[in-house]
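Here is the structure we will look at.
The values are calculated or read from the model by the stated rules, or taken from the named source; none is laboratory data. Just so it is clear, the structure is predicted and the values come from calculations on it, not from any experiment. Here the Cβ is made from the backbone with ideal geometry for all residues, glycine too, and neighbour counts use every protein chain on show.
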Amino acid sequence: MDDGKKLINTPVRHRIGLDARFILRPLRGMPQYVYMLCQCLPKMMPNVDFYFFINRQFEYNDDASQYQQRLNVLKKFSNVTLINIDADTEMLWEQWLLPKALKHYSIDLLHMPGNRVCLLSRVKQITTTHDLIEWHSLKIFHYYKERSVKENFYIFRMKIYMWAVYRLGLTISDHILTISKYSERDITNTFPAFKSKVSHVYHGIPNGFTPPSTTLAKQGVLMLGGDSHQKNAENMLKAWGQLSGELKKRHPLTILGFVGGEDSIIAKTIRTLDIGNDIVIKGWVTEDELIQQMQTTKVFMFASREEGFGFPLVQSMAVGTPVVTSEADVLKEIGQDAVCSADAEDFIALSANLAALLTDDALYKQKVAKGIALASQFTWENTTKHIASTYFNLLNKKQDEGAHE
């Protein structure tokens, strides 16, 4: 942090803009990451002025009563200014309205922390590319026969935009942050020219994700309700469905955060397996409810086919609930020997791991202890230090460039 100390002692108060739209959305994954950065960075960098840009008009925002509490927390920082920019579409917000705001507020450095890039601004820019899942699944010229010509044109336009965000956006970014060794390796293998400007730093764990204060009789199995192909919900359901009737009765399955309908893969798989009687399905829950559920659950299943990091994995280990994961590279990187893992497609092996944790007390206690110890290494202080250092390096570089003009 030598560069940072040198910069802090100068009389110049730099202005850093941050795309903070995600803190208005349900607080999971990327929104949680952005919200924690918005709280930690102003504390660590008190001599920098932060401008957090949001969009209250976005249709997928959380309920206003929920996100307003987060905004009220940020308003308490003397070096934070909240700027609302209303827009119906993300493209309009990112590529037209945001650049105008950056110029208006004389922003020195922009951080886009949510897999997006501001293409039409000359402000120095750091991007957080959590993973390349969108890029790897991008099929620009695929035509959907079940959709109208108008719908296909809209999809095509959005795919072109995604191509530009990754291929052109990462090219113009001054630094690319990512969240795991796996994601850093994936980015540099996919885009070798970017190797010199990519770095990774792990997430921290939000407050509250700690083991319960009293000994609880834990019961049940927990999984989250994402139903994309990446999340692998169908094989987790099959894994739980393979348990003996007695184990299913003693440890019913709870699914949190389900937002799909009757045609979702989760609903279809439950009907196909006829296992609905011992499953409780809930929609979005508050963070406090998630913590309570993780603390009281016996085992957490998180067997995604691919992740950029795996926030829920670390959260579950932190509260003392062991995890059954897939062998996705990043989950092995993060979970190490604290988890029980199997191939994402092998629901029989996933089920065997689940049964072992539910019935083998010695194995269970071992995984609980290893998980708590491992999770303690993931702190927002470490995350913020790395990001602040990156900010300072880019700001000092900007100063040097200005001095030579």
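Looking only at residues of the stretch 270-304 that are β-branched (V, I, T) and within 18 Å of the chain's Cα centre (by Cα), we find that the one that is surrounded by the most Cβ atoms within 10 Å (Cβ to Cβ) is I291.
Contact map, the stretch 194-219: first residue among the basic types (K, R), second residue surrounded by 16 or more Cβ atoms within 10 Å (Cβ to Cβ) and part of a loop (DSSP other than H, G, I, E, B), Cβ cut-off under 9 Å, separation 6 or more or different chains; pairs are K197/S173; K197/D174; K218/T297; K218/K298; K218/G320; K218/T321. Of the helices (runs of 4 or more DSSP H) lying entirely inside the stretch 163-245, those carrying at least 1 residues that are over 25 Å from G257 (Cα atoms) are 169-172, 181-190. Looking across the stretch 326-360, the residues that are under 17 Å from S180 (Cα atoms), free of Cβ contacts under 8 Å to residues at least 40 places away in the same chain and in contact with a strand residue (DSSP E or B) (Cβ under 7 Å, 6 or more places away or on another chain) come down to E327, L331, K332, G335. Got at least one residue in the stretch 137-147 being out of contact with any helix residue (DSSP H, G or I) (no Cβ under 7 Å at 6 or more places or on another chain) and within 30 Å of T325 (Cα to Cα)? Taking every residue of the stretch 137-147 in turn, at least one turns out to be out of contact with any helix residue (DSSP H, G or I) (no Cβ under 7 Å at 6 or more places or on another chain) and within 30 Å of T325 (Cα to Cα). In the set A267, A193, A217, only one residue is at pLDDT below 90, among the hydrophobic types (A, V, I, L, M, F, W, C) and surrounded by fewer than 18 Cβ atoms within 10 Å (Cβ to Cβ); that residue is A217.
Note on the stretch 377-405: among residues that are among the small types (G, A, S) and at pLDDT below 95, the one that is nearest to H175 (Cα to Cα) is G402.
Go through (1) of a type outside the set (D, E, K, R); (2) in a helix (DSSP H, G or I); (3) out of contact with any Gly (no Cβ under 7 Å at 6 or more places or on another chain); (4) surrounded by 21 or more Cβ atoms within 10 Å (Cβ to Cβ) one by one and return the number of the condition L313 breaks. Only one criterion is unmet by L313, namely (3). Residues of the stretch 121-162 that are free of Cβ contacts under 8 Å to residues at least 12 places away in the same chain, surrounded by 11 or more Cβ atoms within 10 Å (Cβ to Cβ) and in a loop (DSSP other than H, G, I, E, B): S137, R147.
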